[in-house]
Amino acid sequence: MLNIKQEIVFPKTLDKNVLYGDLPTSGIPFNKKDWDKRKQNNNKEVFQNEINQYGFRSDNFKTNHSGKHILFLGCSYTWGTGLFIDEVWSKLVYEKIKLTKQVDGYFNLGIPGDSIYVSIINSFKYFKNFNNPDIIFFNIQDLERFFAYDQQTNSLFKSIVKDNEILYLIAYHYYYMLEQYCEQNNIKLFSFSWNEKNNNYFKDFKTFYSLDFNKIKEFVSQYEIKHPNVEGSILARDNQHVGSAYHNCWAEHIYSEYERSVW
């Protein structure tokens, strides 16, 4: 067992059917009326028809595909907490590709608050049940997200583990496996991270495209000048996450890498 100091950040017990199940599942109820008050307050911009059958802010998953099959991975920034769906980096990238390619649907596995481990295992569950995508875009979350276990209740929780190199190594290994699977199955993988610290851990992967955080500051500054008084541009409407200016910057960054690839 890892000897690590954990901070439980979400006191709700994790559903073992979600953790150990065969299907990718967000753990978020399909019906918004069943969301807790905190989730409802932070996601006023999310509409019921945007939630698919497995609780993701995504089109419904399917097994028969036509056109480019694109999958998005990440956390609340890929889900789009505090933003309308058309403001989220993943939807912006999808719409850019849609202008020149026939696309199959907007398939998004982003889950607020979840870890790189959940993102990657859900992607493999998706591969198994809904076939391999042609392209994956992954906005990697911070690597301090993990699990906590309460022996008295035999329950698992989401947790934060601060500055633990063992955990960072495991995250590296998870990503290594994802990249190898993609390479062997002709899946184009494009990854980046909103967390600047992650550049150090993933910079040697050929599928990881580091953000220049100085350029982000410049982009956001110019975006604010061009779009004055736009609600949610710097800070999302939940007042916790960065807003649409950052999402536009991320979308331009990773779409440019996609454009450079050979198709």
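Rule-based calculations on the coordinates, nothing more; no lab input. What you see is a predicted model; the values in this text were computed from it and never measured. Note that each Cβ is placed from the backbone with ideal geometry, even for glycine, and that neighbours are counted across all protein chains shown.
Residues within the reach of a label modelled at PHE213 (point 7 angstrom out along Cα to beta-carbon, backbone nitrogen below 16 Å), restricted to the range 134-178, are 140-144, 163. Any chance you could check the Cα centroid distance between the range 67-81 and the range 176-193 for me, in angstrom? Result: 15 Å between the Cα centres. Take the Cβ atoms of ARG260 and LYS162, set R0 to 45 Å, and the FRET efficiency comes out at 0.80. Ordering of 116-129, 20-33 by packing is 116-129, 20-33, highest average first (other Cβ atoms within 10 Å, averaged per residue). The alpha-carbon of LYS12 sits under 17 angstrom from the alpha-carbons of these aspartates and glutamates, leaving out residues fewer than 8 places away in its chain: ASP34, ASP36, ASP114, ASP150. In this label model, TYR172 and ILE234 are separated by 3.7 nm, measuring between points 7 Å along each Cα→Cβ vector. Note: the range 106-163, Cα convex hull, 107 Å³ per residue.
Paramagnetic label reach from PHE124 (point 7 Å along Cα→Cβ; backbone nitrogen cut-off under 18 Å): within the range 142-171, residues 146-147, 167-171. Determine, at each q value in 0.15, 0.16 (inverse angstroms), the log₁₀ of I(q)/I(0) that the Debye formula gives when each Cα of the chain is one equal point scatterer. With no solvent term, the Cα-only Debye profile gives -1.18, -1.36.
Return the aspartates and glutamates within reach of LYS217: Cα separation strictly under 16 angstrom, same-chain partners fewer than 8 residues apart disregarded; answer none if there are no such residues. Cα-Cα hits under 16 Å: GLU196, GLU252.
Each principal axis of the range 1-137 carries a Cα extent, and these read 48, 34, 24 Å when sorted largest first.
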